[in-house]
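Bear in mind that the values in this text are calculations on the coordinates, not laboratory data. Keep in mind that this is a model prediction, so the values were computed, not measured. Here the Cβ positions follow ideal geometry from the backbone for every residue, glycine too, while neighbour counts run over all protein chains shown.
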Amino acid sequence: MSNRIKVLMTKPGIDGHWRGAIVVSTALRDAGMEVIFAGNQTPKEIAESALQEDVDVVGMSILSAGYMKLVPETLRLLKEKRVNALVLVGGTIPKEDIQPLKQMGVDEVFTPGTPLDHIVRFVHSRVGKQDGTKNN
């Protein structure tokens, strides 16, 4: 078993704004994490990829409408498949929607302008890999 944190980075739905996801993926990779950049996927594909790859983190980058449908559906499917992973959402999420997303089961929401080292530190603080366990 690898001691590297394994991250699935994805774009739920048909959102074509990839820059943020690529920048965050690069920062996580540069911090020593294994990043699987899956691109655009449906909630079902995200859950299946997370299960197959046995990831520690599922990162969803969303810069378009629809996140209040895509995220809950993804969370439901992750739970159904018993995927034990930290779930992060990044993108243009209005402040008033952050708490509802967290109440649904999202571990953290990162909005535009979040320093990359903050995201890296958050992941490191929540995922323990020394003994292969997950802290979430």
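Largest GNM mean-square fluctuation among Asp56, Asp97, Asp107, using the chain with Cα springs under 10 Å: Asp97.
Counted residue by residue at 0.36 nm each, then reduced by the alpha carbon distance between them, the extension gain from Arg82 to Asn3 reaches 26.3 nm. Using the Stokes-Einstein relation with a Kirkwood hydrodynamic radius computed over Cα pairs, the translational diffusion coefficient of the chain at 20 °C and a viscosity of 1.002 mPa s comes to 147 µm²/s. Residues whose amide H lies under 5 Å from that of Ile62, counting only those 5 or more places away or on a different chain, are Gly90, Gly91, Thr92; hydrogens are built 1.01 Å from N in the peptide plane. Near the amide H of Ile36, within less than 5 Å, lie the amide hydrogens of Val7, Leu8, Met9, all on another chain or at least 5 residues away, with H placed in the peptide plane. Lysine pair count for the chain with Cα-Cα distance under 23 Å and sequence separation of 8 or more or different chains is 28. Show me, for segment 88-105, the HN-Hα J-couplings you get by feeding each phi into the Karplus relation (A = 6.51, B = -1.76, C = 1.60, θ = phi - 60°), rounded to Hz, glycine and proline as x. Rounded to whole hertz, the list is 10, 10, x, x, 7, 9, x, 3, 5, 9, 5, 4, x, 5, 5, 5, 6, x. Grouping the Cα pair distances of segment 56-136 into 10 Å bins from zero gives a pair-distance distribution of 17, 50, 29, 3 percent in increasing distance order. For segment 56-136, the set of trypsin sites (Lys or Arg not before Pro) satisfying both a DSSP loop assignment and a count of at most 10 other C-beta atoms within 10 Å is given as Arg82.
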